[in-house]
Every structure is written in C-alpha cells, then in structure tokens.
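Since every read-out is calculated from the coordinates, none of them should be taken as a lab result. Quantities reported herein were computed from a predicted structural model and do not represent experimental measurements. Every residue, glycine as well, gets a Cβ built from its backbone with ideal geometry; the counts of neighbours run over all protein chains shown.
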Amino acid sequence: MKKFLALMLALVMAVMMSACAGQPTDPVADPTQAPTASGDPATDDPAAPADDDGMAEDQTLRVSIAVDLTDLNPLTETTTEGSEMMMTVLDSLVRQGENGTIEMGSGLAESWDVSEDGLTYTFHLRDAKFSNGDPIRAQDFEYTWKKALAPETASEYAYMLYTIEGAQAYNVGEGTVDGVAIHAVDDKTLEVKLVNPIDYFVGTLVIPQFSVVPEGYIEECGDQFFMDVEHMVFCGPFVMTEWVPSQHITVEKNPNYWDADSVKLDKIIFEMVTETNTIVNMYNTDQIDVMKVGADFLDTYRGEAGFISVTEPVTEYVKFNCQNEFFANAKIRKAFSMALDRVSYMNDFMRTGSSPAYGFIPPSIQGSGAKDFRDNNGDLYKDLGNGATVEEANALLDEGLAEIGKTREDLNQGLSLVIGQGDDNLKTSQVFQEYWKNNLGVDVEIKSLQYSLRQAEYQGKEYTIGKEGWGADYNDAMSFLELFITDSPYNDVYYSNPEFDKLLAEANTLHGDERLKKMEEAEKILVETDGVIAPTFFQTRSWVAKDKVKGIIRNGTGLRVDYKHVYIAK
C-alpha cells in the first residue's frame, strides 16, 4: 500500500453520475452490507441502547484481535484489524452506520454541500474537541490530509486521496502542497475539490486516514507520533490509555467526544491473541466477550444468540512473484492454480461458509447490465474442483518450464509460501502444500510471518508465492483491480500489462455499463489470460458475542465494525 505514478490518477477517479447540484448528499445504503451483529441481530438497535436501569454496572467490553498490531499511526496503518480498533478512538467527517449507511451529521461534519458540477464538496464542521480539549477546526483536517499525502509520510493509503485535485502530483513529488485542493475556508468550513465527480467520495471518508489530528501535532511529537499513548491525541468515542505490544490495548470513554452521550461503554480491552484454542478458552471462561469464530468451532457457537456470519466483499488469493524466473511465466502460474481443489478446500477443510472463487471480483460487486460482476464474467479458470485434471495441470507446468528452458528439478529448489500468522493461515498453507506436492510433485516451504516481516519479504522481491486477502475499500470493482496497475503501491507481484492498464484508464473516462465492461475485460486479462493471482475463496466471517453484549455494528466495506453504540446489558 504505497504510491502511484501518473496513470493512477485516471484510474482511481470513477467518472460516475454527479451529486445533485447544490444539495446535501443523501444517506447511501449499500445493499451488499451485512446486518447488524451482537446479541440478537434481528432485534438489537444500536442507536437506542437500553435505559440505564437495564445496563450492567460494569460497562467493560473485552474483544479478541487475532493479530499483533504493530503500527497504530492513523496515517500509515493498513490492516483491517488495526483500522477497526483505531476507529474506536478516531472520528472523521462522517461515520458509517448500519447496513453501510452514511447519514448527514453522523460524524464531525454537521452537513455538506456539493457544487452543481459535482466537483466541490463543502463540509460544515460541528462544535467538537480533541481529547486534549482543543477545538477541532477545518485547518486541522487540511493539515492532516495533506500530511497523509506528504511523500515523506509514505502512507500506503495516500492514493485514496487522489480523488482530490493536486493530491497525486504532490504525493509523487511532481507538485506542491499548495496545489492540493483541500482548503480551510474558516474554522468551521472545509472545502475539497475533486478531479472528477465521484458519487462514492463521501463513502471513502470512514477510514482512519481521513480522520484528523491537531495542526502541528506531528511535528510536535516527531518520531514518537502515535508510537505510545503519551504521543497520541484522539477525536473519537474512546481514548487509548494503554498499549502493551503483543498483549493488549485498552481504550476508555472520551469525555470530550462530541457525541459522548451516545457512548455507553466505559472501557474496551482488545486482547491480541493469535492461537485459536487460547481464544476459545478465553471466551468460554469469560475472559473475553467477543471473538471471531474459526471453522472448527462454527457448529459449537452457531446456535448462540450472539452469533453472526457476515459475507463480505473480500477475496482470498494466492499471488505469484512475476519477477521470479519461474513465476514470470503465465503457464507455470496457472499450473499452480489449476493444481488446487477449491471445492474440497472449502467443504472439507475450511468449512466457514465461504464460497470457492473462480474470479477475483466478489459476487456482491456490481457489474454491467445491472448484474453482479461475477455473474457477467463467470468462472475464469478451472481447477481440480471444477473440471480440470491432474494431467492438465502437469502438462501446463511442463509447457511453461520448456518455454523458459528449465526443468522440474530446477523449479523444485527453494519454493516457499509466505503466509500470515494464526491457525487458519497455517491450515490453509498446509492444504495448499499438500495439493502442490501430490498433484505437481513440488515441495513448497511454509513461511508464517507477522505483517511487517511479510511485507518486507514481498518488498524484497525474493519471495516466490504468497497468500493474501483483499477487501473492498469502497463498493466498486476498481477497489480490487487497481492493485495490479503497473505502478500501484500494492502491486507486490510486480505485474505489468499495458493492455490491463489501458482498460482501467479507459474505464474512468466512461459512465455506467461502458465503464463496468472495461473493468470486466481487465479482470479477464489479469486472471484468465495472465494468471497473475489464483483467487481461492470469497470470504464469509463469523463472530460470537456474549448475550449481554448489545449494539455492535458490522459492515462489509468501509468501517467494518463499530463499537460506538455498544453496551453491556444486565
């Protein structure tokens, strides 16, 4: 997640129907979003918690996070779990609600207006304070967003601001900060000018990188900015009071939060535990109140009132290093993909309710003709679970090796699969390792690494195969396809295809179905023709919460979980 060159500007700007002239943007509900979670999902109303008489005396929530969070800087943090945790202590101009809705007045902006041409957004800030008591001003937003764009910040999410005029040029060192069209008109008015009309612009504002810190605060903290709780300042429902790396993070209610009356919890403790049996034991012994449920325990907790499954626009996939002498060859890449059995993997091993993926874009993402993207493009390859044979996979591998003048013995030296930590990752890697051994006769070492080490492995360009997942930052196919543009900061497979880049550039000069069809063609090149990645499944995740925990909001995109309205019932 890094920086783009000039091509990316055209790609990230979806030229879509502009907002109504001079009118506030209406609340938008994303039909792909999941229902509210916690307690009884059908009856809980997070906006209307129980009266104080119905609330427990101890308003402490304990949540497990199955990763070791190492970066809490809101400008550079990139993990799903980190973003979820950080948005307990941060707020933005808008805050996402149930079913993906974004309502006027949900965040630090009381309202906003859109110019007739759809390019200029004028946000009117409410009276609000930082946790240190300083007022939150438009100048603070201008400062923070421009800091996220500053080349020296190296924010991997800087590209999300490329929708703003002058942002990309500044971020890649071809423009100045004064050329970025983010302007504080006065203390309460923030004006932002876009390069093109983008109807999903407001929906992108819910992530930490669009939050705010006081003007000058980064310079005041220097290298210690958000490295410990003494060098943090907050604007959200809670403040961080303790961070013990690899153990836990504690946040407590923020008395200076603009909507403090809606916050019922006194404290949330995030326990960083990666071992599944340990997490389950902590849940069963009431050491935690909320946990993600792994496949082996779905049947155990499925009947509980606080159980919920969320089908998300998230794709898990295997990726190949296109700079590696073997995986630079498309036939070798596709042979490794074909040798998998996604149906068996889902049904016999994972058993999470997720579905096998024979394309990259999830079914819930819109395609042309008012159909799902996946319906239009269908299955883009075969594997052992949908019609391919071991003989076909081996023939493809031999063809690829012949093309590069190598043998199987050459290939079978130093292959490795880089994965994240946790039991699910280990189980997946072992299944794939067995498929490749049994079906292709190759040995692949498993390298389980924490996030920072995994990224270093990818950026070093020496790895051969990796396993990753990607969820939409906004509900559009571009959120997935832009990863593999030649100069994309996320393109750590080092893929480059001018036709793929051209299709995405053209897509963003078009409207409606014409635009969507260009992206459908691009996905076919990426997956069907070039086999750059091997998507494995479209994700469904499940959680369980104690029956006393009420009001958790879970969504598929954007802010995927919000604890702002949670309370503990008696």
What is the helix-to-structure angle for 423-440, meaning the angle in degrees between its Cα long axis and the longest Cα principal axis of the chain, kept from 0 to 90 and rounded to the nearest 10?
-> 20 degrees
Each residue of segment 226-242 in order: what ³J(HN,Hα) in whole Hz does its phi give by Karplus 6.51 cos²θ - 1.76 cosθ + 1.60, θ = phi - 60°, with x for Gly and Pro?
-> 6, 8, 7, 5, 6, 10, 10, 9, 10, 9, x, x, 10, 10, 7, 10, 7
3J(HN,Hα) from dihedral phi, segment 445-458, Karplus parametrisation 6.51/-1.76/1.60, rounded to Hz, x for glycine, proline = 6, 9, 10, 8, 10, 5, 3, 4, 6, 5, 5, 4, 4, 5
In whole percent, the Cα-Cα distances of segment 311-540 spread across 5 Å bins from 0 upward as 1, 7, 14, 20, 20, 18, 12, 6, 2, 0, 0
With bins of 20 Å, the percent of all Cα-Cα pairs of the chain per bin from 0 is 21, 55, 23, 1
Rounded to the nearest 10 degrees, the helix 498-507 long axis (Cα) sits at an angle to the longest Cα principal axis of the chain of 40 degrees
Taking R0 as 22 Å, what's the FRET efficiency between K570 and A305 from their Cβ-Cβ distance, rounded to 0.05?
-> 0.90
Taking amide H positions as placed in the peptide plane 1.01 Å from N, state which residues far from T241 in sequence (5 or more) or on other chains have amide H under 5 Å from it.
-> T250, V251, E252
q = 0.08, 0.17 Å⁻¹: log10 I(q)/I(0) that the Debye formula gives for segment 264-402, counting C-alpha atoms only | -0.36, -1.06
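Expressed as a whole percent, how much of the Cα-Cα distance distribution for segment 95-207 exceeds 24 Å?
So the pairs more than 24 Å apart make up 25 percent of the total in segment 95-207.
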Rule-of-thumb check for segment 352-434: C-alpha Rg over 2.2 N^0.38 Å?
-> 1.45
Aspartates and glutamates with Cα under 14 Å of K193, excluding same-chain neighbours fewer than 8 positions away = D113, E116, D117, E142, E165, D178
Which ³J(HN,Hα) values in Hz, rounded to whole numbers, follow from the phi angles of segment 398-413 under the Karplus curve 6.51 cos²θ - 1.76 cosθ + 1.60, where θ = phi - 60° and Gly and Pro get x?
-> 5, 5, x, 5, 5, 5, 9, x, 10, 10, 5, 5, 4, 4, 7, 10
List, in the order given, every pair from K427/K550; K319/K524; K264/K548; K427/K524; K331/K371; K147/K518 whose Cα-Cα distance in the structure shown is over 22 Å.
-> K427/K550; K427/K524; K331/K371; K147/K518
With a ≥ b ≥ c from the Cα gyration tensor eigenvalues, square-rooted, and the rule rounded for a/c under 1.5, otherwise prolate when a/b > b/c and oblate otherwise, segment 438-570 is oblate
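For K502 and L453 in the same chain, what is the full-extension length gain: residue separation times 0.36 nm, less their Cα-Cα distance, in nm?
Working: separation 49, 0.36 × 49 = 17.64 nm, distance 3.32 nm.
Full-extension gain reported as 14.3 nm.
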Charge dipole of segment 311-540 built from unit charges on the beta carbon (Lys, Arg +1; Asp, Glu -1), centred at mean Cα; most positive-end Cα among G466, L380, Q421 is Q421
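Report the semi-axes of the equivalent ellipsoid for segment 144-205 in whole Å, largest first, where each axis is √(5λ) for an eigenvalue λ of the Cα gyration tensor.
18, 14, 11
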In whole angstrom, note down how far apart the Cα centers of segment 125-151 and segment 247-299 are.
-> 29 Å
Over segment 237-327: Kirkwood hydrodynamic radius from C-alpha pairwise inverse distances, Å | 16.9 Å
With a point put 7 Å past each Cα toward its Cβ, work out how far V343 is from T529 in nm, to one decimal.
-> 2.9 nm
